[in-house]
Amino acid sequence: MKGRHEGSVRPGRTPMKRSRCLAFAVLGLFALSSCAVGPNYRAPPPPPGPGFVPEGTLAAPTTASSGVGGEAQHFVETLDIPGQWWTLFQSSDLNDLIAQALAHNPTLEAAQAHFARRTRPLWQGAAP
């Protein structure tokens, strides 16, 4: 008979290809269903107060222990973190790594200038 194939698999289609197609279909349906937030979504309000926890509810200091760095830890609400915060770890390896990274990365102005040079031809209709 014409049009009939032996078995349940069409020529060129293996069970592996069928299962792959089915997996992609299920994945696609899952991706589409995950976008069902709805048109009436409203972001929750921010927590009250100026900080992450209500005033006066910071954790008590930890217990001190003997040994290097065993002092009790506590939160200081008004403490200002320095711009080079990694130096607080007193690690020469970390300091060297950060210095190397900063030396080999462009400033924000240099990155913006490079971006402008590379995208200007695109806006003018030419290749960069």
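Derivation of every value follows stated rules applied to the coordinates shown; laboratory data play no part. Model, not experiment: these values are computed from the prediction. Cβ atoms come from the backbone with ideal geometry, glycine included; neighbour counts cover every protein chain shown.
Brief remarks follow.
- Taking every Cα-Cα distance in the range 66-127 and sorting them into 5 Å bins starting at zero, the pair-distance distribution P(r) comes out as 3, 12, 11, 14, 12, 11, 9, 8, 7, 5, 3, 2, 1, 0 percent.
- Sites Val68 and Gln100, calculated FRET efficiency, Cβ-Cβ separation with R0 22 Å, nearest 0.05: 0.20
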